[in-house]
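Below is one structure; the comments refer to it alone.
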Amino acid sequence: MKIGLICPYNIANGGGVQEAVKEIQTELLRRGHDAVIITPQPRKPYQNRGNRVIFLGSGTDFKAIATTTQLSASVLTDEIDSLLEYEQFDVLHFHEPWVPVLSRQILSRSTCANVGTFHAKLPETVTSRALAKVIIPYTKPLLRHLDAFTAVSPPARNYISTLTTEHINLIPNGINLVRYRKPAGLKIDPSTPPTILYIGRLEKRKGVAYLLRAFALLQQKHPAVRLQIVGDGVDREKLELLRDELELTGVSFLGFVDDLEKRKLLHSATLGCYPALYGESFGIVLTEAMASGLVTVGGNNPGYASVLTGLGQLSLVDPYDSKEFAHRLELLLFDEGLRGLWRKWAKKEVRQYDYRQVVDMYESVYQQAIAHHTNRNHNEI
């Protein structure tokens with residue numbers, strides 16, 4: 001099949017949707033398909049993995065719910081028509097088709113089968129309810145162009161099901177399990193103090209301020225424990241000031257790290273912690289930790305709860321409750337019995353997210369979409 005994977009976000013930036021699109025492309029290519037990523041032109045040079053990427057339009061900053069990302073501001077329709085005519089795709093796979101502007105312009109001009117994957121759900125806040133009044137009228141007309149629907153989690157599926165009566169296939173975000181094995185040559189110094197690791201953007205909804213407050217309580221009992229904060233964002237300066245106000249020691253802000261360094265940190269840390277408050281529809285950071293064997297604590301939001309099921313529910317915590325949060329960190333840092341059970345659960349649970357299984361499901365959906373598109377065209381003749 002000839003497949004176009006549309007990513008509306010800046011492919012040069014890290015992010016769950018971007019990584020999912022790149023991994024899906026790699027696995028599709030491995031299977032012999034012709035898969036191409038279509039995405040906005042980044043502002044800075046982009047070094048890809050050697051796989052084919054088509055850039056359309058110019059990028060601009062877009063303020064989403066408590067986060068800023070870069071996506072396409074405008075694309076010439078003649079440019080889209082020329083691309084579609086030249087490439088002759090069998091399927092166009094739109095990730096977050098509701099995000100302006102690239103997806104809407106391509107989807108409305110596509111003449112092949114179209115698949116939409118919905119990653120996000122809107123959090124239950126006043127701001128998001130107001131935003132929904134804008135997004136829903138924008139999104140609904142797009143849905144009639146889709147031949148198949150998928151969502152990465154029950155929360156994402158529940159949201160899009162309010163806009164359509166069509167069947168929505170549940171296909172989780174995947175992970176490259178081989179990549180998250182322990183890096184060759186990595187040795188852990190047994191004298192290293194217990195270390196908690198956070199990886200992600202530094203913005204309000206990620207809950208890092210609440211992690212710092214819980215860590216302050218934990219460090220009163222265990223002064224040797226360390227905290228590494230990886231990533232950058234609009235709240236970095238505020239969080240560094242909060243660290244100083246709480247007089248915390250052993251808290252390091254490491255900024256952005258590359259993929260290899262991230263995997264080293266995942267295997268070197270004692271405990272992962274991702275206290276997101278809202279706005280999560282899945283939890284790629286959780287599956288990365290699970291694949292690495294890193295015991296993890298996560299915020300009790302719907303997206304993370306869809307990943308941390310069964311024994312994994314032990315990891316869910318209310319970030320607003322600093323005392324309980326600190327207690328959960330302590331429990332999963334030092335109770336070796338629980339840590340062993342968690343690792344055993346994670347090793348088995350994470351297999352369902354292997355990209356080989358995820359792409360199996362997408363291949364099936366592509367075939368369904370092509371059949372639906374063919375039947376629809378036949379009925380219109």
If you fit an axis through the alpha-carbon atoms of helix 16-30 and take the longest principal axis of the Cα set of the chain, what angle between them do you get, 0 to 90°, nearest 10?
60
By counting other Cβ atoms within 10 Å of each Cβ, how are 149, 256 ranked from fewest to most?
256, 149
Aspartates and glutamates with Cα under 17 Å of residue 44, excluding same-chain neighbours fewer than 8 positions away
61, 258
Hey, if you put +1 on the Cβ of every Lys and Arg and -1 on every Asp and Glu Cβ in the chain, which of 149, 94, 322 ends up farthest toward the positive end of that dipole?
322
Compute the acute angle (0 to 90°) between the alpha-carbon long axis of helix 236-245 and the principal axis of greatest extent of the alpha-carbon atoms of the chain; round to the nearest 10°.
10
Debye intensity ratio in log₁₀ form over the Cα atoms of the chain, taken at each q of 0.09, 0.12, 0.15 Å⁻¹:
-0.54, -0.94, -1.39
Over the alpha-carbon set of segment 193-350, work out the extent along each principal axis and list the three values in angstrom, largest first.
41, 30, 30
Magnitude of the Cβ-charge dipole of segment 195-352, K/R +1 and D/E -1, about the Cα centre, nearest 20 debye?
500
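Using the 10 angstrom Cβ neighbour count as an exposure proxy, how do 286, 266, 311, 84 rank, fewest first?
The fewest-first ordering by Cβ neighbours comes to 311, 84, 266, 286.
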For a 28 Å ceiling on Cα separation, which of these pairs sit above it: 204/323; 238/262; 204/347?
204/347
Determine the percent antiparallel among the DSSP beta bridges restricted to the chain, to the nearest 5.
15
Efficiency by 1/(1 + (r/R0)^6): what FRET value for residue 364 and residue 240, r their Cβ-Cβ distance, R0 = 35 Å, to the nearest 0.05?
0.15
Using the count of nearby Cβ atoms within 10 Å as a rough guide to exposure, how do 6, 106, 168, 188 rank from fewest to most?
188, 168, 106, 6
Compute the distance in nm between two label points, each set 7 Å from the Cα along the Cα-to-Cβ direction, one at residue 252 and one at residue 169.
4.4
Taking the Cα centre of the chain as origin, sum charge times position over the Cβ atoms of Lys and Arg (+1) and Asp and Glu (-1), and report the length of that vector in debye to the nearest 20.
600
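Since every read-out is calculated from the coordinates, none of them should be taken as a lab result. Model, not experiment: these values are computed from the prediction. So basically every Cβ, Gly included, is an ideal-geometry build from the backbone, and we count neighbours across all protein chains shown.
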